[in-house]
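To start, the structure under review is shown below, and the notes come after it.
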Amino acid sequence: MTDAIETHDLWRTFESRKGFFFNELVHTEALRGIDLQVDRGEIFGLLGPNGAGKTTLTKILSTLLLPTRGSARVLGLDVATQAHALRPRIGLVLGGERGLYNRISARENLRYFADLFGIPVERRDRRIREVLDWVGLTDAGDRRVEEFSRGMKQKLHLARGILHEPELLFLDEPTIGLDPKSARETRKLIRGLVANGVTIFLTTHYMFEAEELCQRIAVLTRGRIVARDTVAGLSRLVGGDRTIEVEGYGFEDAEVGAVKRLPGVSHVVSEEFGPRLRLTLRVRTPELTWETVKATLPGHPELALRERRTSLEDIYLDLVEEEA
Ligand SMILES: Nc1ncnc2c1ncn2[C@@H]1O[C@H](COP(=O)(O)OP(=O)(O)OP(=O)(O)O)[C@@H](O)[C@H]1O
Ligand SMILES: [Mg+2]
């Protein structure tokens, strides 16, 4: 079977105008040579700061936008030349408020999109009942969408995205703006889809969400993929699954240098919190003890140490910081 997604050296540039008279032509390279491979049946996560190119990539893969250069195949079909055959087999859910008709009911919205997807009338109403039930909107189905809360709208977006039973679903920030309970319900729905064999391509700004849902993750910054691996693999890449935080007052540069040179320490980030300084150490070996760290910083009785497992958020910040 072919991969769910496969891209080769994918580029996308935008030309736009800015300035008071719109007389300044701006050239943005939103994607700069993306090589990506996603297996069928996995949840693949795409992370990256604002403006990194996540939505642009999602739009290209879901045939809303053409690449400037390079190629992308989704479910074995070329997104540029075989979009027509591809569209019925994929679904797209963009986070946020847009894309629904507010003046009509949820059910009427779904009927409209079902017709657009070409779902036969004899199957249509049963399928609409199924998806409304699946997202828990059966009772609200006949209410106008303008009366819906943000969480309800997002669930309706999801229902619309799977109406035509796509094999692959693109989710661009599916839990943005949702309260923790709604976000958790949404993640549960996503897991349910995967259990039914649907492949998911997901973008998110929430690290724990990616950690909880995704088998593999790619980090995109300024149009380039800077890392791609499992969560465990990424933590090895960044250098260690132990994170030790050391807080104290006014460390000298030489002291920070000595901490950086400790055996097993792969990466040190220093941050100021008012008069206090925090050093965050990524540690590769189990042998490095707190005592060794303390001995490297003599004359600091105020020293406070804490240890935790390196989180995806730590890894992500290391990667994005290295790139910047
Ligand atoms: N239609 C457009 N015209 C001009 N520039 C665009 C257009 N769409 C996107 N861009 C630019 O391309 C870059 C990538 O944007 P994109 O929306 O893909 O980022 P993103 O990773 O989805 O960001 P966010 O996390 O904020 O959603 C940005 O610099 C953006 O300004
Ligand atoms: Mg985006």
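Details
- Single unsatisfied condition, Met207 versus (1) surrounded by 19 or more Cβ atoms within 10 Å (Cβ to Cβ); (2) modelled with pLDDT of 90 or more; (3) assigned by TED's automatic domain parsing to the domain that holds Ala106; (4) among the aliphatic types (A, V, I, L, M): (2)
- Unique match (being within 16 Å of ligand 2 (Cβ to nearest atom), in the same structural domain as Phe201 (by TED's automatic domain parsing) and open to solvent by less than 10 Å² (accessible area, probe 1.4 Å)) among Ile34, Ile43: Ile34
- Residues that are open to solvent by 10 Å² or more (accessible area, probe 1.4 Å) and under 22 Å from Thr2 (Cβ atoms) within segment 51-61 comprise just one, Lys59.
- Residues in segment 115-156 that are at pLDDT below 95, of a type in the set (A, V, I, L, M) and farther than 22 Å from Gly177 by Cα: Leu116, Ile119, Val121.
- Taken as a whole, segment 102-110 holds no residue that is part of a loop (DSSP other than H, G, I, E, B), closer than 26 Å to Ile128 by Cβ, within 16 Å of ligand 1 (Cβ to nearest atom) and of a type outside the set (Val, Ile, Thr).
- Candidates Glu29, Glu6: the one that is within 16 Å of ligand 1 (Cβ to nearest atom) and either surrounded by 15 or more Cβ atoms within 10 Å (Cβ to Cβ) or farther than 30 Å from Val145 by Cα (or both) is Glu29.
- Filter pass, Leu64 being among the aliphatic types (A, V, I, L, M), within 13 Å of ligand 1 (Cβ to nearest atom) and open to solvent by 50 Å² or more (accessible area, probe 1.4 Å): yes
- The set of residues in segment 171-186 that are outside any loop (DSSP other than H, G, I, E, B) and either within 16 Å of ligand 2 (Cβ to nearest atom) or touching a helix residue (DSSP H, G or I) at 6+ places or on another chain (Cβ under 6 Å) (or both) comprises Leu171, Asp172, Ser182.
- Considering residues of segment 130-148 that are touching a residue at least 40 places away in the same chain (Cβ under 8 Å) and part of a loop (DSSP other than H, G, I, E, B) only, the residue nearest to Arg98 (Cα to Cα): Phe148
- Selection of first residues in segment 71-84 that are free of Cβ contacts under 8 Å to residues at least 12 places away in the same chain and of second residues that are among the aromatic types (Phe, Trp, Tyr), restricted to Cβ pairs under 6 Å at least 6 apart or on distinct chains, gives an empty result.
- If you filter segment 269-288 down to residues that are among the β-branched types (Val, Ile, Thr) and closer than 10 Å to Ile244 by Cβ, you find that the one that is surrounded by the fewest Cβ atoms within 10 Å (Cβ to Cβ) is Thr280.
- All positions within segment 142-190 that are among the basic types (Lys, Arg) and out of contact with any strand residue (DSSP E or B) (no Cβ under 8 Å at 6 or more places or on another chain): Arg150, Lys153, Lys155, Lys181, Arg184, Arg187, Lys188
- Failed item, numbered, when Gly48 is tested on (1) open to solvent by 70 Å² or more (accessible area, probe 1.4 Å); (2) within 16 Å of ligand 1 (Cβ to nearest atom); (3) at pLDDT below 95: (1)
- Sub-9 Å Cβ pairs linking a first residue in segment 194-216 that is farther than 10 Å from Leu169 by Cα and among the aromatic types (Phe, Trp, Tyr) to a second residue that is within 16 Å of ligand 2 (Cβ to nearest atom) and modelled with pLDDT under 95, at least 6 apart or interchain, are Tyr206/Glu173; Tyr206/Thr175; Tyr206/Ile176, ordered by first then second residue.
The values are calculated or read from the model by the stated rules, or taken from the named source; none is laboratory data. Because the structure is a prediction, the values reported are computed rather than measured. Counting neighbours? That spans all protein chains shown, and the Cβs are built from the backbone with ideal geometry, glycine included. For accessibility, only protein heavy atoms count, side chains too; no ligands or nucleic acids. Shrake-Rupley method; radii C 1.70, N 1.55, O 1.52, S 1.80 Å.
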